[in-house]
1. Counting pairs of alpha carbon atoms under 8 Å apart in space and at least six apart in sequence, what relative contact order in percent does chain B give?
2. Could you work out how much longer the chain between B:Phe239 and B:Leu131 gets when fully extended? Use 0.36 nm per residue separation minus the Cα distance between them, nm to one decimal.
3. Quick one: order B:Val86, A:Val283 by neighbouring beta-carbon count within 10 Å, fewest to most.
4. Starting from a Cα-only point model with no solvent, please compute log10 I(q)/I(0) by Debye for chain A at q = 0.08, 0.10, 0.11 1/Å.
5. For a label point 7 angstrom out from the Cα of A:Phe45 toward its Cβ, which stretches of the stretch A:231-257 have the backbone nitrogen within less than 15 Å?
6. What list do you get for B:Thr151, B:Thr116 if you sort them by fewest beta carbons within 10 Å?
7. In a GNM of chain A with a 10 Å cut-off on Cα contacts, which of A:Ser142, A:Ser133, A:Ser28 has the highest mean-square fluctuation?
8. May I ask for the angle, rounded to the nearest 10°, between helix B:226-236 and the longest principal axis of chain B, with both axes built from Cα atoms and the value confined to 0 to 90°?
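Every number here is computed from the coordinates shown, using simple stated rules; none is lab data. Since we're looking at a predicted model, the values are computed, not measured. Cβ sites come from the backbone with ideal geometry, for glycine too, and all protein chains shown count toward neighbours.
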Amino acid sequence: MGIYLPIAEISVNVFVLLAMGAAVGFLSGMFGVGGGFLITPLLIFYNIPPAIAVATGANQVIASSFSGALSHFKRGTLDFKLGGVLLAGGIVGSTAGIFVFALLRRLGQLDLFISLLYVVLLGTVGGLMLVESLNALRASRSGAAPVLKKSGQHNWIHRLPFKMRFRASKLFVSVIPVLGLGAGIGFLSSIMGVGGGFIMVPALIYLLKVPTNVVIGTSLFQIIFTSAYTTLVHATTNQTVDVILAFLLMAGGVAGAQYGAKAGQRLRGEQLRALLAMLVLAVAIRLAVDLFVTPPNLYSLSAAGLN
Amino acid sequence: MAGLRAFAAAALLSMLFALSPATAQAPPTESIQIGLSTDAISITAGFSGADLTIFGSLENPDPLIARQGRYDVVVVLEGPPRPVVVRRKDRVLGVWINLDSETFENVPVSYSVATTRPLQDIAEPAKYKQLSLGAQNLYMKPADETDSPATIQEFTAALRERKAATGLYSENVGGVQFLSQNLFRATVRLAPNVPVGTHKARAFLFKSGMFVKESSAQLEIRKSGFEQSVFRVAHDYSFLYGVFAISLAMLTGWLGRIIFRKD
């Protein structure tokens with residue numbers, strides 16, 4: 001069944017989009033990630049213009065992170081104060097991102113920049129995760145006890161000024177790295193259409209030493225607002241949010257996520273991470289290939305006067 | 001594109017047969033008229049391209065010339081003019097990057113031509129240049145005229161090629177048919193991505209390779225339906241639209257959790 005997307009201005013198949021949403025939702029439920037980093041490239045592969053894929057991806061992320069944050073809120077594994085400070089940084093980063101987005105679009109370099117960011121970020125995160133999970137798998141197979149990270153260990157981040165106490169996270173750290181992390185994620189959110197959970201979660205755990213049980217809830221909480229802000233700004237400045245497209249993805253996504261979460265409980269942590277890493281790497285490689293392969297059309301047209 | 005359905009919206013209006021030449025003394029001069037049954041057509045969201053039929057008539061044709069088939073008609077449906085940037089990708093360190101670009105002012109978004117015969121058989125190329133008729137003869141005005149002529153020529157050619165490849169610039173040879181000595185029917189193609197706005201239909205009459213007369217009519221192409229309303233709201237009330245998009249996402253997330261909850 002075909003449907004015409006009013007903003008993307010192309011006809012697409014409803015079932016392809018629902019399936020795409022469900023598949024990504026399943027994976028995001030399984031791995032506990034927002035899925036924005038999969039949705040946006042998939043939309044681009046499906047010939048949705050990158051600018052619209054990004055803005056709509058941000059919109060879609062709200063649904064999945066809202067759904068996830070609700071369950072964490074009910075379980076009490078959500079640090080509102082930490083989330084709030086991350087959010088303050090996120091708003092600044094997102095605003096800067098939108099500005100860069102509009103500038104790149106005017107220069108005709110937006111598509112390239114989005115692809116490059118995806119290749120670099122997904123390649124790095126996927127590569128690191130794959131190495132880490134393969135090591136863990138090998139260690140568990142050889143029977144060695146996993147080496148536990150010593151908690152309470154401090155790094156340079158904990159020597160920065162402007163300290164603040166986050167009770168729910170049992171944390172006393174400087175607000176600078178928290179704000180900076182929020183800003184970085186906000187920037188990526190507006191340029192890549194991702195929630196940024198795949199960077200936020202490891203950063204909170206390894207850099208800020210936030211207890212693992214509050215990390216996902218807090219990350220999801222801040223992602224809701226950063227993506228909502230990103231969606232709103234994209235809608236008002238670039239008019240690139242396609243609500244029909246977003247809704248189809250969300251509908252498939254929220255359903256898939258619940259089943260994915262169930263399936264994820266049956267797999268072991270290292271296996272799960274290795275699978276996710278390979279998935280992330282596959283997307284990165286696919287995007288990288290497009291950058292190097294000679295395009296069928298060297299010339300492209302776009303409307304002038306977007307400024 | 002095969003299987004295009006005939007577009008019945010635009011049809012015969014001005015079948016103005018020469019009814020009053022009784023007082024004419026001098027040999028009458030030919031002229032051309034085209035008419036559209038409507039001045040606006042709406043295309044719905046599922047629009048996948050169509051043929052637009054325009055009827056027209058010759059006034060005071062010379063029967064002898066008409067019988068010899070020496071009257072030729074070229075009908076053009078020209079979309080609204082818009083500025084366009086043409087970009088060229090080049091390889092930098094192995095990566096394809098948009099490097100050079102050229103901006104053109106007032107390029108018709110679409111340009112569909114229908115002719116009685118191939119253009120080169122109707123008149124001299126210089127004639128078309130003079131009339132700025134045919135996609136190859138449209139003058140594309142570069143925004144920066146100081147660029148080298150070779151560059152401008154290259155990007156102009158690329159612009160025409162891209163427009164033709166996306167079906168926005170099309171040529172339908174044999175798309176104009178004489179139904180009688182006076183009456184003709186022109187079929188121009190509307191691409192699936194035909195732009196909305198004011199389109200101009202123009203008919204050019206040639207007699208034995210010489211340009212005689214031109215007639216034009218305006219046609220408003222609108223998009224209708226739910227999707228168009230969404231588009232309009234997204235542009236006119238973008239803030240409210242954004243708020244709506246966010247609320248919809250939250251509602252979906254919340255409902256999805258209630259409906260599909262597995263924990």
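1. Reported relative contact order: 26 percent.
2. So the extension gain works out to 34.3 nm.
3. The most exposed by this proxy come first: A:Val283, B:Val86.
4. Taken in order of the listed q values, log10 I(q)/I(0) reads -0.35, -0.55, -0.67.
5. Those under the cut-off are none; the list is empty.
6. Working: B:Thr151 14, B:Thr116 22.
Ranking B:Thr151, B:Thr116 by Cβ neighbours within 10 Å, fewest first, gives B:Thr151, B:Thr116.
7. Answer for the Gaussian network model of chain A: A:Ser142.
8. Tilt relative to chain B: about 80 degrees.
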